[in-house]
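Undergrad: Sharing a structure here in structure tokens format.
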Amino acid sequence: MSLTSERLRLRELRDDDLRDLVAWWQDPEVLVTQTSAVMHPRPAAEVAELYRGWSRNQGTDAGLVVTDREQGTVLGHTALYGADAHNRTATFAIMIGPPHQGQGHGTEATRLMLRYGFTELGLHRVQLTVIGSNERGIATYLRAGFVEEGRAREAVFRGGAWHDLVHMGVLSREWSAAASHLRPGRPAAR
Ligand SMILES: CC(C)(COP(=O)(O)OP(=O)(O)OC[C@H]1O[C@@H](n2cnc3c(N)ncnc32)[C@H](O)[C@@H]1OP(=O)(O)O)[C@@H](O)C(=O)NCCC(=O)NCCS
């Protein structure tokens, strides 16, 4: 099984993907965008295990490799995780490798995951946190349909400075109203 949009295919993790994915995760430019409390360097094998864990695809958790639909090039990784049957709220995460950023892949993959989450996984709500200084991330999420729901002021210490932690979310009814052009069979617009 894979999810496809105009330019992307989201598919299961394969061992061959890990070399690029691990290297990108360890790239300082990517590491600074992580919202986790402490930014530790980690050995490659440990990061590979993280990806395997994120990509088990059990229950409503989905962790998929973002690839170019035509060439099959690995572009990044994305996940929806943590929903329970009662609240049906999942957390969204994405990483596009630095060589492939700024070409619309993050926006297209985010839209594809929202479509999957709302129309296949039966989610009611998708949420995320992003560091306030990650303007590219925030621009991507806004374009895909997330709204800012709040800010924890100066909640993240990164690079010797304090940053806001921005909470964003999108509800299934908002997605349905706004994204009719993203339903299956219709190409995803940028
Ligand atoms: C955030 C991320 C997923 C976005 O994916 P992407 O493929 O690079 O993004 P896209 O090309 O789809 O869109 C980026 C948008 O941000 C804009 N943008 C790019 N750099 C920007 C910057 N420095 N400041 C403001 N906006 C910026 C782009 O212009 C584009 O918007 P536009 O088309 O309206 O101009 C990707 O860059 C990434 O994985 N970064 C590192 C890890 C990360 O930040 N993950 C998210 C943590 S919450």
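Undergrad: Quick one: would you say residue 156 is at pLDDT below 95, in contact with a Gly (Cβ under 9 Å, 6 or more places away or on another chain), more than 8 Å from the ligand (Cβ to nearest atom) and part of a strand (DSSP E or B)?
TA: For residue 156, the condition - at pLDDT below 95, in contact with a Gly (Cβ under 9 Å, 6 or more places away or on another chain), more than 8 Å from the ligand (Cβ to nearest atom) and part of a strand (DSSP E or B) - is met.
Undergrad: Now for a separate question. If you take the residues of region 132-148 that are of a type in the set (A, V, I, L, M) and within 14 Å of the chain's Cα centre (by Cα), which of them is farthest from residue 108 (Cα to Cα)?
TA: 138
Undergrad: For residues that are more than 15 Å from residue 101 (Cβ to Cβ) and either surrounded by 16 or more Cβ atoms within 10 Å (Cβ to Cβ) or in contact with a Pro (Cβ under 9 Å, 6 or more places away or on another chain) (or both), tally how many sit in region 4-32.
TA: Residues meeting the conditions: 10.
Undergrad: Where residues in region 139-153 are of a type in the set (A, V, I, L, M, F, W, C) and in contact with a strand residue (DSSP E or B) (Cβ under 6 Å, 6 or more places away or on another chain), which of them is farthest from residue 117 (Cα to Cα)?
TA: Here the residue is 152.
Undergrad: Which residue is farthest from the ligand (Cβ to nearest atom), if the candidates are limited to region 24-52 and must be modelled with pLDDT of 95 or more and in contact with a Gly (Cβ under 8 Å, 6 or more places away or on another chain)?
TA: If we take residues in region 24-52 being modelled with pLDDT of 95 or more and in contact with a Gly (Cβ under 8 Å, 6 or more places away or on another chain), then 51 is farthest from the ligand (Cβ to nearest atom).
Undergrad: Identify, from the list 58, 34, the residue that is out of contact with any strand residue (DSSP E or B) (no Cβ under 8 Å at 6 or more places or on another chain) and under 18 Å from residue 123 (Cβ atoms).
TA: Only one candidate qualifies: 58.
Undergrad: Further question on the same structure: If a residue has to be of a type in the set (S, T, N, Q) and either touching a residue at least 60 places away in the same chain (Cβ under 8 Å) or under 23 Å from residue 59 (Cβ atoms) (or both) to count, how many in region 123-175 make the cut?
TA: 4
Undergrad: Pull up region 75-131, narrow it to residues that are of a type in the set (Phe, Trp, Tyr) and part of a strand (DSSP E or B), then point me to the one that is surrounded by the fewest Cβ atoms within 10 Å (Cβ to Cβ).
TA: For region 75-131, the residue satisfying everything is 81.
Undergrad: Further question on the same structure: So, of the residues in region 66-106 that are away from the ligand (no atom under 15 Å from the Cβ) and of a type in the set (Asp, Glu), which turns out to be farthest from residue 141 (Cα to Cα)?
TA: 70
Undergrad: Are there any pairs, at least 6 apart or on different chains, whose C-beta atoms fall under 7 Å, with the first in region 1-27 and closer than 10 Å to residue 48 by Cα and the second aromatic (Phe, Trp, Tyr) and in a helix (DSSP H, G or I), and if so, which?
TA: Between residues of region 1-27 that are closer than 10 Å to residue 48 by Cα and residues that are aromatic (Phe, Trp, Tyr) and in a helix (DSSP H, G or I), the close pairs are 18/51; 21/51.
Undergrad: If you don't mind, there's one more thing I want to ask. Do we have residue 35 as assigned to a strand (DSSP E or B), of a type in the set (Val, Ile, Thr) and either free of Cβ contacts under 8 Å to residues at least 12 places away in the same chain or surrounded by 14 or more Cβ atoms within 10 Å (Cβ to Cβ) (or both) here?
TA: no
The values are calculated or read from the model by the stated rules, or taken from the named source; none is laboratory data. Worth saying up front: this structure is predicted, and the values here are computed from it rather than measured. Cβ coordinates were reconstructed from backbone atoms using ideal geometry, including for glycine residues, and neighbour counts include every protein chain displayed.
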